[in-house]
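Undergrad: My questions all concern the structure below.
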Amino acid sequence: MTKPAARSASTVSEAAESARRVTPMKLLVRVVEARGLPAVHFNGSSDPFVKLKLGKRRAKTAVVKRSLAPAWDEEFSFLVGDVAEELVVSVLNEDKYFSNDRLGLVRVPLSQVMETDDLSLGSQWYQLQPKSKKSRKKCRGEVCLHVSLSTRTHVSDESQSVPHPASDDLASSSDSPIERKTLSTTCSCIDLSAVSSIEPRASHSSFERFPDSILDLPARSSVEEAASEPGPPAADTDATPPNPSSVVEVLSRYFFRKPENAAPTVQHPTASDTDPPVDHQLQEPNASSSEDREIPEKGTVVPESSLDELLKVLESKDQGSEMPANLPGGVLVDESYVAAPTELNSLLFSPNSDFWPAVAELQGTSGFQIEPWKLDSNESCVQRTLTYTKAASKLVKAVKATEEQKYLKAAANSYAVFSVVSTPDVPCGNCFKVEILYCITPGPHLSSEEQTSHLTVSWRVNFVQSTMVKGMIENGAKQGMAEGYAQFSEVLNQKLKVAELDDANSNKEKILASLHAQKETGWRLIVRFLGNFTFIFSVAIALYVIAHLHLSKPDVTHGLEYFGLDLPDSIGEVVVCAVLILQGQSIVKVTRRFLSAWKQRGSDHGVKAHGDGWLLTVALIEGAGITATGSSDLFDIYVVFTCNAKRKTSSIKFQTSDPKWNEIFEFDAMDDPPSRMDVAIHDSSGQCVIGHTEVNFLKNNLSELTDIWLPLNGKCDQASNPKLHLRIFLNNSRGTEVVMNYLAKMGKEVGKKINLRSTQTNVAFRKLFALPPEEFLIDDFTCHLKRKMPVQGRLFFSPRIVGFYSNIFGHKTKFFFLWEDVDDMQVIPATLSIGSPSLMIILRKDRGLEAKHGAKGTDHHGRLKFNFQSFVSFNDAYRIITAIWKIRALSPEQQGEAIEKDEVKELLPEEGGSLFTNVDVKMSEIFSSVLSVDVESLMEMFSGGPLEHKMMQKAGCIDYTATQWELVGCNIQQRQTSYKFDKNLSRYRGEATTTEQKYSLVNQDGWAIEKMMTLQGVLLADYFNLQMKYYITNIPSKPNTCSMLVLLGIAWLKSTKQQKKVTKTIISNTSNRLKELFAEVEKELTSKNGSLLNAAIGPTTG
């Protein structure tokens, strides 16, 4: 072998070794046919197919049934990552029940293809070899293959027939909503002028097989890393073009992209070995060269500065298409900025923008390479490709990512950019890719008249292959995207000012000032009702009759008349009487309507709210289509708003179906945000409700309520689409102070401090149940929801809702209902199967229907029942629940007079009943006695006065305190007491807290007192609560004598082996102490009454 040939071989070897570290080429393999294959099945045939493998990339042909000489004629393409790899072609027999049988294989090294002149082995028959040399069957048939390395000219020539890509080729089909992309190429030439610096023979022998012009390889696209973050497309300014002084660097120039400052076309060298060296800088092609030819472009590369021009071209071809919908993975960014849409688009996607380098610095990404924007062949979209290296995380090492960005829309100040980010080096990276959609639209109008734009970034994971770790990939991607775009938003907020949207409440005064209610004066109201022909005619007839009675004289009685009864004497008089009766009825009706209108003419319009807190303002604008069903009669309409038991009433609009009000109603400040506002339409003439609707503040955004039409249900004709136009404003005048005050009030009710949850926890809670931003989490507990089968989950409590969420193997159970809808709560004692008590929450009838799927069932009144059990700490959960319910639904501030009157009957128990203690607890009589004092005197023991403190101190209760009795309902009073035990009562020296209620007995002269006692610091104190009932009544047959009956019950919160022993001890000790206590009370009251009697008798006898 001659020296030039040896030098050429060594040069190619060096080039191949260097090419292992560069971007891959494209290998085209056509599987033509096979012959002489061995038979596998008993019928003397096989079901052959071919599997191809190049590195980690795989592909396979279709299966040909029952053939030993199959023909496939299928073509495949592989991206070459290392020219030292070899193509492995295996012919297999399909087996549906067991593993496929290998018929034989062929190995084709890529170096063999590289050594050919035209980079092609052509169509050849290859002898199939066994997998092992020890195999007995040596003859396994042959397979015909056409193998070639695709350079740019080859891709251009084969553009008419695109081969099947390998399994990890990103041209494979997917379920992306965006149009499928095929391998795109760009028309560009490679600079081979560096060949002149090499010996002529080596140059000729090594590169004469390269064509004169070759097309650029396609922009590489691979699958996205699970924890993908937005890749910053910033150019790497430190990158320098390679020095084309050797064959290795020429190959590198071939495999790498051209520098950004390179021109789109280059000068080609001639084939002559004697041509002088050409400068390595890229130059324009020589138009007179016979070897240079014009190549049709697949994509046109444009300078960075012409991005605006490209978008104008794209806009000119826009057919009015709509903006694409958000991707189903979720929304990562949803924000408005004070910047024009074009400015925001330029900041995010202009090649000269400094935004992405700032994001890159924050995220730790590096190694950016960016291609300029270019139009595709159809000029239907503008696209570019970015590559960068993502920083290593705790789970994934630093990997190279490729991002393809494409403009889907650029018209009317609206932009949509679809991005596919891929990282094939991560685990299972060939199975999926992450797609991101950027949508830029004009933002809302500001009072400052500044331009705004709205940015929405959504994403999803697109699986191109099935995998068993799909759930892990989605969760990892979700976490990574959330973290990455949090940093994205942080940098964007530094670059642009976030648009502080004109909140509804900031424009509240302006909107309300524009409303002018037409308040009718008294004279206009008189004219409206009394200034009609019917009323005037009726009044005229009445005056005429009165004048006639004054002028006429009594006639002689005749017929059936008698004194005082004057009957009509003719038909004419009968008619006149009938007319007078009808006119009288008309006058009475008009007068009644007039008086009602006079009473309602002022309404609650213009009454200012008082206090600080949550302020609700409702502007009643107008109504439409409010007509009676099946009748042409019109109503005298007025509207009643009810929120947190407070009512506001509008003025009456008479005989109209489209009333106009323009009235404003302000509710007094509330400590808690309202949950619901009921709206009822009344007919003044009939005094009945003709339509109703409601406003749910938890399901409606406050911005939506600022201008809303509410459909009406009820007696209105639904065919006429009855509705009300309202403008509702809800704002908080005390800021976060309201929240802290609420938690402080909750802490007093519960008996422990309740801290405000973190911002992240509250955000997650609101997102879980789709709640408005003013809602916050108070506490949550793990429990079971009892239905047909218990479901484990978490129970969440906020000021307005009770929510439950469970996710068991992807089966989710989620619902919530309002505290205002809770009608009753019951504690179900522990059983042998359930070691702790259960909580039964019963809703009001026809309430909470959205949560019906979580209810255990309904009671005989049709109320939904929810059963929660297996609390980790039932005592803590029950105290929180009852405290919130008391604050939200049972406090006097939350109950209006009308609602309170309706519920008093339910609150008043029958004799022997229960007011707020658990009716399921068995009550036992522990003390009964007849005391020689009357009820009034004995009730001093429960008045919180000196007698009570003195007796409790004698009984061993230290630091005894009692609050004043407060009226919580009709005839129902409540207070709280607390004290500590001395060492004689309890060696543990615990303390007790009681809630007491008293009410007078219905059918007897006496009182009933109920106590709910909670113990702390006593053995097994968190296992039970004590319930006591005192019945004190006068004995009519014995003056100054009363009877006392005391019942005791134990509500067990947890099961214990000592339950019987503890019950016996408590009953015995309590019975003995009550005997001692009331013996002392009777003695003290008797001596006190005796001294008072002696003091009264002494002066008389003297």
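The values are calculated or read from the model by the stated rules, or taken from the named source; none is laboratory data. Remember, predicted model here, so these are calculated numbers, not experimental data. A quick note on method: Cβ atoms are made from the backbone with ideal geometry, for glycine too, and the neighbour counts reach across all protein chains shown. With ligands, DNA and RNA removed, areas are computed over all heavy atoms of the protein, side chains included. Shrake-Rupley method; radii C 1.70, N 1.55, O 1.52, S 1.80 Å.
Undergrad: For residue 965, tell me the accessible area in Å² from a 1.4 Å probe, rounded to the nearest 10.
TA: 40
Undergrad: Ok, one more. Tabulate in residue order the Karplus-calculated ³J(HN,Hα) for segment 101-116, using 6.51 cos²θ - 1.76 cosθ + 1.60 with θ = phi - 60°, rounded to whole Hz; enter x for Gly and Pro.
TA: 8, 7, 8, x, 9, 9, 10, 10, x, 6, 4, 5, 6, 5, 7, 6
Undergrad: How much length is gained on full extension from residue 124 to residue 852, taking 0.36 nm per residue of separation minus their Cα-Cα distance? Kindly include the intermediate steps, with their values, before the conclusion.
TA: Working: separation 728, 0.36 × 728 = 262.08 nm, distance 7.15 nm.
Extra length from residue 124 to residue 852 when fully extended: 254.9 nm.
Undergrad: Taking all protein chains together and a probe of 1.4 Å, list 868, 98 from the most accessible to the least accessible.
TA: On the way: 868 0, 98 155 Å².
Sorted descending by solvent-accessible area, the residues read 98, 868.
Undergrad: While we're here: Please work out the C-alpha center-to-center distance from segment 346-413 to segment 777-822 and express it in whole Å.
TA: Rounded to whole Å, the Cα centres lie 43 Å apart.
Undergrad: What's the local net charge at residue 648, with K and R +1, D and E -1, over the other residues with C-beta under 13 Å away?
TA: Details: positive: 608, 646, 647; negative: 604, 663, 666, 668, 678.
Value of the local net charge: -2.
Undergrad: To the nearest 10 square angstrom, what accessible area does residue 950 show with a 1.4 Å probe?
TA: Residue 950 has an accessible surface of roughly 90 Å² with all protein chains in place.
Undergrad: Same structure again: Which distance in nm do the two modelled labels at residue 832 and residue 534 give, with both placed 7 Å along the Cα-to-Cβ direction?
TA: For the pair residue 832/residue 534, the computed spacing is 7.7 nm.
Undergrad: Sort 878, 742 from largest to smallest accessible area, using a 1.4 Å probe on the heavy atoms of the protein chains.
TA: Numbers: 878 55, 742 10 Å².
Final ranking, largest accessible area leading: 878, 742.
Undergrad: Provide the net charge surrounding residue 1047, with neighbours chosen by a C-beta distance below 11 Å and charges set as Lys +1, Arg +1, Asp -1, Glu -1.
TA: Details: positive: 922, 1011, 1029; negative: 925, 1010.
Computed value for this residue: +1.
Undergrad: Excluding residue 94 itself, what net charge comes from residues whose Cβ is under 13 Å from its Cβ, given Lys and Arg +1 and Asp and Glu -1?
TA: Working: positive: 51, 60, 65, 66, 96, 102; negative: 47, 95, 101.
Local charge sum for residue 94: +3.
Undergrad: What is segment 344-401's relative contact order, in percent, from Cα pairs under 8 angstrom and six or more apart in sequence?
TA: Values: 66 pairs, mean separation 14.0, N = 58.
Across segment 344-401, relative contact order equals 24 percent.
Undergrad: At a probe radius of 1.4 Å, what is the per-residue accessible area of residue 646, in Å² to the nearest 10?
TA: The accessible area of residue 646 comes to roughly 60 Å².
Undergrad: Let me ask another. Nearest 0.05, what FRET efficiency do residue 541 and residue 316 give at R0 = 56 Å with Cβ-Cβ as r?
TA: Working: r = 81 Å, r/R0 = 1.44.
It comes out at approximately 0.10.
Undergrad: Any idea of the accessible area per residue across segment 342-431, 1.4 Å probe, to the nearest Å²?
TA: On the way: 3360 Å² over 90 residues.
It amounts to 37 Å² per residue over segment 342-431.
Undergrad: In whole Å, what is the distance between the alpha-carbon centres of segment 950-1023 and segment 424-470?
TA: Cα centroid of segment 950-1023 versus Cα centroid of segment 424-470: 61 Å apart.
Undergrad: Keeping every protein chain in place, order 998, 980 by accessible area at 1.4 Å, biggest value first, i.e. largest first.
TA: Details: 998 25, 980 95 Å².
Reading off the accessible areas and sorting them downward yields 980, 998.
Undergrad: Further question: Non-local amide H neighbours of residue 716 (under 5 Å, H modeled in plane, Pro and chain starts lacking H): which ones?
TA: For residue 716, whose amide H was placed from the backbone, there are no distant partners under 5 Å.
Undergrad: Another question, then. In segment 67-141, which GluC sites (Glu not before Pro) are in a loop and have at most 16 other Cβ atoms within 10 Å, using DSSP for the loop call?
TA: Here the sparse-neighbourhood loop sites are 94, 115.
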